[in-house]
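**Q** Right, I'll just put the structure down here and ask away after.
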Amino acid sequence: MTATSRKVSLFITCLVDQFFPEVGEAVVRVLRRQGVEVDFPEGQTCCGQPAFNGGFTEDAKAVARRFLDNFDGDQDVVVPSGSCGAMVKVFYPEIFHDEPGTAARAKDLSARTYEFSEYLVNVLGVTDVGASKKTKVAYHAACHLLRELRVKEPPRQLIEGVEGAEYTPMELEEACCGFGGTFSVKYSEISEAILEDKLKSLAECGADTLVSCDSSCLMHISGALSRRGSPVKAMHLAQLLDNREDS
Amino acid sequence: MDVKTKDFVSGSKAAILDPQIQEALAKLRNGLGRGPRLASEELTPPVWQDMRQRASDIKTHTIANLDYYLEKLSDNVEKAGGHVHFARDAKEASDIVLDIARKRDVELVIKGKSMVSEELEINDHLESIGIESVETDLGEYILQLMNEPPFHIIAPAIHKSRRQVSEIFTEKLKTLPSDEVEQLCETARETLREKFLNADMGITGVNFAVAETGTIALVTNEGNGRMCTSLPKVHIALMGMEKILPRLEDLALFLGVLPRSATGQRISSYVTCVTGPRRSTDEDGPEEFHLVIVDNGRSKILADEQMREALNCIRCGACLNACPIYGKVGGHAYGWVYSGPIGAIVTPMLTGTVEAKHLPFASTLCGACKDACPVKIDIPHMLLRLRQEITQGGTLAKNGKAPWYEAALMKGWRQSVRGSRVFSLANRLGRLALLPLSRNGKVRRLPPPLSGWTRFRDFPLPSAKPFRERWRKGLKDE
Ligand code: SF4
C-alpha cells in the first residue's frame with residue numbers, strides 16, 4: 001500500500017484513553033505506516049454504550065448526540081473496538097429511529113465508521129502491515145465484532161500477516177469470554193465460569209500471546225491471567241501489529 | 001407455574017457449584033449443541049440460510065396477520081369436527097380442560113410433552129379434582145416423579161443422571177435398581193403402557209397448527225405423542241396462539257427446520273398430524289377433539305412491534321444450547337417455564353413481573369443465540385429493549401427500576417462524559433482513589449458494589465498519562 005491522501009478521525013474509546021493509552025499509540029503508528037493521516041477530535045469522550053447496555057437509553061442518546069457533533073463531516077472514523085464500533089454503527093441508527101433528522105446523521109456516521117482491523121483489511125486492502133514478532137498467537141473473536149459487525153476474517157488475516165508469528169487458533173475462539181460490561185460485576189460468578197472455559201481452551205492451544213480487538217474483553221481476560229500469574233500475554237491486535245522485531 | 005425468577009442469582013450460583021449440573025451442561029454443549037450445527041452444516045450454507053430466511057418470513061407474516069389465521073384455523077378445525085376454545089390466560093385455559101374432563105367422567109389422563117401445559121400447571125389442577133395425569137414423554141415422566149420443572153425446552157431431564165433415574169424408579173415404581181439405560185426404559189415403557197391403555201383423555205401440545213387445513217402437527221421422538229392422540233376417547237391439544245402456519249406446504253419446511261435445530265435430526269422419528277376427531281372411515285382416533293388456543297400474555301407481545309418477533313419462536317432450544325449463560329446456570333435458575341435466551345425475553349413479558357427483571361440483564365449480549373436461531377430472532381436487541389423498559393420504567397415491565405448503586409454510578413458517568421475536560425478530571429480522580437488500593441499498577445480488591453470484579457480478576461489502574469494527553473504532548477506531531 002503506497003501512501004495515499006487518506007485521512008481518518010480516530011475514536012479512541014474511553015477505555016483505551018484512560019486505561020490502555022499504549023493501544024491508542026499503536027493504532028496511530030500502524031495507521032500512519034500505511035500512509036493514513038490520523039486526526040483525533042479532542043472533544044470526544046464515550047460512545048454511550050455503558051448507559052445503553054444498562055437500559056439508560058435517554059442518557060445514551062444525549063451522549064450519542066454529542067458524539068455525532070464531534071465526528072461530524074465526511075471523514076472516515078476508525079475505532080479500535082468491536083463493541084464501541086457496534087454501538088456507533090448498529091445501535092446509533094436504532095436508538096434514533098423515531099427522530100428522522102438525527103437518524104439520518106447516525107446512518108451517515110455508521111456508514112463511514114470502521115473497526116480497526118476492518119479498516120486495514122477491507123478499506124485499505126492490507127493484510128501485511130510489515131510487522132514481525134516471533135510468537136504463538138491465539139485470537140479471541142470479540143462477540144460484537146463478530147456477531148454485530150460481522151467482522152470475522154480481517155483480524156486473523158492480519159495476525160497471519162505478521163512475520164514470525166504463528167497463529168494457533170483455540171477451540172473456543174469464537175465463544176464469549178464472559179465479560180458483558182456490568183454483567184461481569186453483577187453476575188461475577190457466571191462471568192468467571194464462562195471465562196474459565198475460555199482460559200482452558202487458551203492453555204490447550206499453546207499460545208503465548210492472546211490477541212483481540214476489544215480492550216474490554218482484554219481487561220477481563222488479562223485481569224484473570226494476571227491474578228493467576230499466567231505467562232500468556234494478552235494484547236490488542238494493534239499492539240501486535242506495531243511490533244517490528246528483526247526476526 | 002410460580003415465577004421464581006427473583007432468585008436468579010442464588011439459583012445460578014447453586015447451579016455453578018453443582019458438579020452434576022455442570023457435567024450435564026458440558027455434555028449438552030458437545031451433544032445437543034453440536035448436533036444441530038452438523039445437521040445444518042451438512043446442507044450447503046446457502047440452502048440452510050435460505051431455509052432460515054423462508055421460515056423467518058413465514059412466521060413474521062403469520063404473526064402480523066394472526067387474527068386472520070386464527071379465524072381460519074378455528075373454522076377449519078370445526079369443519080373437521082373438532083371444537084375450538086380461546087383462553088385469555090392460564091386459569092381460563094385450565095378451566096376449559098377441567099370442564100371437558102368432568103363432562104366426560106375422566107379418571108386418567110395421559111399427557112404428551114407441552115411447554116404451554118407447564119404455563120397452565122395442568123397436572124396440578126387435574127389432580128386437585130381427583131384426576132390422575134401422567135406425563136408420557138420419558139424426560140417429563142422422570143421429572144414428574146421427581147416433582148421438578150423442565151430444565152431444558154426439548155430435553156427436560158438432561159440434568160439427571162442414570163443413577164438418579166434408577167433411584168426415583170425404585171422409590172416410586174418399586175422396581176429393582178439398574179444401571180442400564182435399556183432396563184430403565186423398559187421399566188418406564190411397561191408402566192406407561194398400562195396408562196396408555198386405560199386413559200380416558202389425552203392432552204398434547206402443538207408444534208404447528210396449519211390454518212388452511214385445521215391440522216395440528218406434533219414432532220416427537222418416542223411415539224408417545226401419537227398414543228396420546230389416538231388411544232383415549234378425548235384428545236385435547238393445547239397451543240400458544242402463535243403456533244400457526246398458513247399452509248400445509250409451510251409445514252414441510254418447518255418439519256425440516258425444527259428437528260435440525262432442536263436435535264440435529266433431519267426429521268424427527270415421529271410426525272403426527274391430527275385433523276379433527278375420528279372419522280367414520282378411520283380405524284382409530286378419539287371421539288372428541290378439542291383445540292385450546294392460549295393467549296396468556298402473548299397478545300401483549302403482539303401489540304409491541306419491536307418485541308413481536310419473539311412470537312416467531314418455534315421452541316427448538318437451539319438458543320439455549322448456544323448460550324454461554326445457560327451453559328453455566330442451566331434451566332432452573334431462570335425460574336419459570338422457559339429458560340435460556342428466549343426465556344429471558346418471554347418470561348418478563350408473559351408474566352409481567354418485576355421479579356423477572358434479572359433475566360434481560362443476565363446476558364453478555366454475545367449474540368450466539370441469534371446466530372443459532374432457525375427463525376432468526378434478534379434476541380440480543382430485544383434484551384436491550386427490555387433493559388430499557390425496566391430501567392426507565394416502561395410499560396412492558398411493570399415497576400422495574402435500576403438498583404440504587406447502578407442509578408448512582410450512571411449519574412456519575414453522565415456527569416463525567418459531558419465534555420472532555422470533565423471527563424479527564426473524573427478519571428484523574430478515579431486514579432487517585434484507586435492508587436492506594438493498587439500494587440504494580442493493579443488493583444487486587446475493589447470495594448462493593450465493584451468487588452465482584454476483583455473476586456478473580458485484577459483491575460488495571462487508570463493510566464497516569466491518558467491517550468488524549470499523549471496525543472497533545474507529542475503523538476499528534478510525531
Ligand atoms: S428463540 Fe429461536 S433458537 Fe430459541 S427456542 Fe425459539 S426458535 Fe429456537
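**Q** With charges set only on the Cβ (+1 for Lys and Arg, -1 for Asp and Glu), what does the dipole of the stretch A:1-44 come to about its Cα centre, in debye to the nearest 20?
**A** 280 debye
**Q** Let me ask something additional. Under the Cβ-under-4.7 Å rule, which cysteines of chain B stay unpaired?
**A** If one checks each Cβ against the other cysteines of chain B, B:C185, B:C228, B:C273, B:C313, B:C316, B:C323, B:C373 turn up with nothing under 4.7 Å.
**Q** Under a plain spin-label model, where a point goes 7 Å from the Cα along Cα-to-Cβ, how far apart in nm are B:A252 and B:R189?
**A** 3.4 nm
**Q** What is the antiparallel percent of DSSP beta bridges lying wholly in the protein assembly as shown, to the nearest 5?
**A** Here the antiparallel bridges make up roughly 20 percent for the protein assembly as shown.
**Q** Report Rg(Cα)/(2.2 N^0.38 Å) for the stretch B:404-477, keeping two decimals. All intermediate terms of the calculation are to be shown ahead of the outcome.
**A** Working: Rg = 14.2 Å, N = 74, 2.2 N^0.38 = 11.3 Å.
That ratio works out to 1.26.
**Q** Let me ask something else. For an R0 of 25 angstrom, estimate the FRET efficiency from the Cβ-Cβ distance between B:E71 and B:A303 and round to the nearest 0.05.
**A** 0.85
**Q** Where Rh denotes the Kirkwood radius from the mean inverse Cα pair distance, what is Rg over Rh for the stretch A:6-121?
**A** Working: Rg = 13.6 Å, Rh = 14.2 Å.
Reported Rg/Rh, Kirkwood definition of Rh: 0.96.
**Q** While we're on this one: Using a 1.4 Å probe on the protein heavy atoms, what percent of the accessible area of the stretch A:149-229 belongs to carbon and sulfur?
**A** About 49 percent, which is the carbon plus sulfur part of the accessible surface.
**Q** Looking at this model, which pairs from A:K186/B:K370; B:K357/B:K442; A:K107/B:K376; B:K4/B:K300 are more than 28 angstrom apart at the alpha-carbon?
**A** Going by Cα-Cα distance, B:K357/B:K442 fall outside the 28 Å limit.
**Q** Mind jotting down the distance between the C-alpha centroids of the stretch B:122-153 and the stretch B:21-82, whole Å?
**A** 25 Å
**Q** Which whole number in µm²/s is D for the protein assembly as shown by Stokes-Einstein, with the Kirkwood Rh taken over Cα pairs at 20 °C and 1.002 mPa s?
**A** Answer, rounded: 78 µm²/s.
**Q** OK, next. Using 5 Å bins from zero, what percent of all Cα-Cα pairs in the stretch A:130-241 falls into each bin?
**A** Pairs per bin, as whole percents: 2, 13, 24, 26, 20, 10, 4, 1, 0.
**Q** Further question on the same structure: Once amide H atoms are built 1.01 Å from N in the peptide plane, which residues 5 or more positions from A:Y139, or in another chain, come under 5 Å H to H?
**A** Correct list: A:M170, A:V211.
**Q** Given a 1.4 angstrom probe, what's the average accessible area per residue across the stretch B:54-296, in square angstrom? Before the final figure, lay out the partial values.
**A** Values: 10410 Å² over 243 residues.
Averaged over the residues of the stretch B:54-296, the accessible area is 43 Å².
**Q** Please state the equivalent ellipsoid semi-axes for the stretch B:91-182: what are the square roots of 5 times the Cα gyration tensor eigenvalues, largest first, in whole Å?
**A** Gyration-tensor ellipsoid for the stretch B:91-182: 27, 15, 9 Å.
**Q** At 1.567 mPa s and 4 °C, plugging the Kirkwood radius over alpha-carbon pairs of chain A into Stokes-Einstein gives what diffusion coefficient in µm²/s?
**A** Answer, rounded: 70 µm²/s.
**Q** Checking the cross-link filter: which aspartates and glutamates have an alpha carbon closer than 12 Å to that of B:K113, excluding same-chain neighbours under 8 positions apart?
**A** The qualifying aspartates and glutamates are B:E135, B:D137, B:E140, B:E222.
**Q** To the nearest hundred square angstrom, how large is the accessible surface buried between B and A, total for both chains, probe 1.4 angstrom?
**A** Buried: approximately 6100 Å² between A and B.
**Q** Build a GNM of chain A with springs between Cα atoms under 10 Å: which of A:S132, A:S215, A:S188 gets the top mean-square fluctuation?
**A** Greatest mean-square fluctuation among the candidates belongs to A:S188.
**Q** Step through the residues of the stretch B:211-228 one at a time and calculate ³J(HN,Hα) from phi using the Karplus curve (6.51 cos²θ - 1.76 cosθ + 1.60, θ = phi - 60°), rounding each to whole Hz and writing x for Gly and Pro.
**A** 5, 5, 10, x, 9, 10, 10, 10, 10, 9, 10, 10, x, 5, x, 5, 5, 5
**Q** Looking at chain A as a GNM with Cα springs under 10 Å, which of A:V162, A:V23, A:V63 has the largest mean-square fluctuation?
**A** Ranking A:V162, A:V23, A:V63 by mean-square fluctuation puts A:V63 first.
**Q** For peptide A:9-19, what's the mean number of Cβ atoms from other chains within 10 Å of each residue's Cβ?
**A** Mean shielding count: 5.
**Q** Take A:E42 and A:K152, extend 7 Å from each Cα along the Cα→Cβ direction, and tell me the distance between the two endpoints in nm.
**A** Using points 7 Å along Cα→Cβ, the separation is 4.3 nm.
**Q** Something else now. How high is the FRET efficiency between B:E92 and B:N198 when r is their beta carbon distance and R₀ equals 25 Å, given to the nearest 0.05?
**A** 0.30
**Q** Assign unit charges at the C-beta atoms only (+1 for Lys and Arg, -1 for Asp and Glu), then state the dipole size of the stretch B:404-477 relative to its Cα centre in Debye, rounded to the nearest 20.
**A** On the way: 18 positive and 4 negative charges, 43 e Å.
Around 200 debye, computed over the stretch B:404-477.
The values are calculated or read from the model by the stated rules, or taken from the named source; none is laboratory data. Here the structure is a predicted model, which is why all the values come from computation and not from measurement. For neighbour counting, all protein chains shown are included, and Cβ atoms are generated from backbone atoms with ideal geometry for every residue, glycine included. Each accessible area value is taken on the protein alone, full model and side chains, heavy atoms only, with ligands, DNA and RNA left out. Shrake-Rupley method; radii C 1.70, N 1.55, O 1.52, S 1.80 Å.
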